[in-house]
1. From the C-alpha coordinates alone, can you work out the Kirkwood hydrodynamic radius of segment 36-93, in Å?
2. Kindly provide the chymotrypsin sites (Phe, Trp or Tyr not before Pro) of segment 43-96 that DSSP labels as loop, not H, G, I, E or B, and whose Cβ sees at most 12 other Cβ atoms within 10 Å.
3. Using 0.36 nm times the number of residues separating Asp79 and Trp162, minus their current alpha carbon distance, what extension gain do you get?
4. Can you pull out the trypsin sites (Lys or Arg not before Pro) in segment 122-176 that DSSP calls coil and that have at most 12 other Cβ atoms within 10 Å?
5. Looking only at segment 43-202, where both bridge partners belong to it, what percent of the DSSP beta bridges are antiparallel (to the nearest 5)?
6. Can you tell me the length gained on complete extension of the stretch Gln39 to Thr151, counting 0.36 nm per residue apart and subtracting the Cα distance?
7. Enumerate by residue number the GluC sites (Glu not before Pro) in segment 51-154 meeting two conditions: DSSP loop (anything except H, G, I, E, B), and at most 12 other Cβ atoms within 10 Å of the site's Cβ.
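Every number here is computed from the coordinates shown, using simple stated rules; none is lab data. Please read these numbers as outputs of a predicted model, since none were measured by experiment. Note that each Cβ is placed from the backbone with ideal geometry, even for glycine, and that neighbours are counted across all protein chains shown.
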Amino acid sequence: MGYTLDCQLRIGVPLHSSLVEPVAHNSGPPFSARSPSRQASRVRLLRIETDLRALGGVGTAAELISRGHTADMLRLWSDYGRIVKVRKGVYVERAASPDVVEALRVGGRLACISAAVHLGLIDGTCRSLHISVPREMSRLRTRHNARRKLTDFPDESVVLHWSRTAPAGDRQSVSADTALSQMSRCAHPDTWSAIGETAANR
């Protein structure tokens with residue numbers, strides 16, 4: 001028997017993904033337009049977002065530092081909500097969906113039904129979060145707190161899809177074909193028959 005997907009699916013309704021809200025108490029770093037040096041600093045900081053986007057919306061501190069940024073710059077831009085630090089050494093664009101942020105925080109990327117919703121193959125919401133994780137990954141965290149180990153705080157809403165090799169896709173999600181393949185094995189037969197054909201035809 002497959003896993004029963006506790007999702008509310010909508011057929012034919014456009015998917016609207018919520019965005020990660022920026023930090024509320026600050027609207028941006030205190031740079032003065034009258035100071036050329038500060039303006040230059042702001043330009044360098046804005047490059048973090050450009051470089052992060054070039055990396056597929058997700059990047060490690062090491063990758064960003066190799067592009068000329070410093071740890072202090074990453075910390076500053078994260079403190080002001082311009083980028084999101086999801087776990088130690090991993091950053092994501094602030095426009096990333098909550099599901100993407102939580103999957104990255106756990107230590108993987110979206111998989112199965114969660115990836116299908118993210119990619120627009122089906123419309124709906126799921127309480128469970130399906131995550132593709134490398135088999136050698138050992139430092140898994142909870143979806144809401146990067147300081148808590150998943151082994152110490154088990155969460156039934158987190159469904160891990162372990163893989164020996166990295167499935168096709170990008171840094172945020174597995175590919176559409178991989179998501180559908182995972183759904184066919186993971187979902188209860190009745191659930192899969194109800195949504196599989198719709199998803200495959202999109």
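1. Values: mean 1/r = 0.0900 Å⁻¹.
Over segment 36-93, the inverse of the mean reciprocal pair distance is 11.1 Å.
2. Values: sites: Trp77, Tyr80, Tyr91; in loops: Tyr80.
Within segment 43-96, no chymotrypsin sites (Phe, Trp or Tyr not before Pro) qualify (loop, at most 12 other Cβ atoms within 10 Å).
3. On the way: separation 83, 0.36 × 83 = 29.88 nm, distance 3.28 nm.
Between Asp79 and Trp162, full extension yields 26.6 nm more.
4. Numbers: sites: Arg127, Arg135, Arg139, Arg141, Arg143, Arg147, Arg148, Lys149, Arg164, Arg171; in loops: Arg127, Arg135, Arg139, Arg143, Arg147, Arg148, Arg164, Arg171.
Of the trypsin sites (Lys or Arg not before Pro), the ones in loops of segment 122-176 whose Cβ has at most 12 other Cβ atoms within 10 Å are Arg127, Arg135, Arg139, Arg147, Arg164.
5. Values: 11 of 18 bridges.
In segment 43-202, approximately 60 percent of DSSP beta bridges are antiparallel ones.
6. Numbers: separation 112, 0.36 × 112 = 40.32 nm, distance 4.55 nm.
The span from Gln39 to Thr151 would gain 35.8 nm if fully extended.
7. Working: sites: Glu63, Glu93, Glu102, Glu136; in loops: Glu136.
Within segment 51-154, the qualifying GluC sites (Glu not before Pro) (loop, at most 12 other Cβ atoms within 10 Å) are Glu136.
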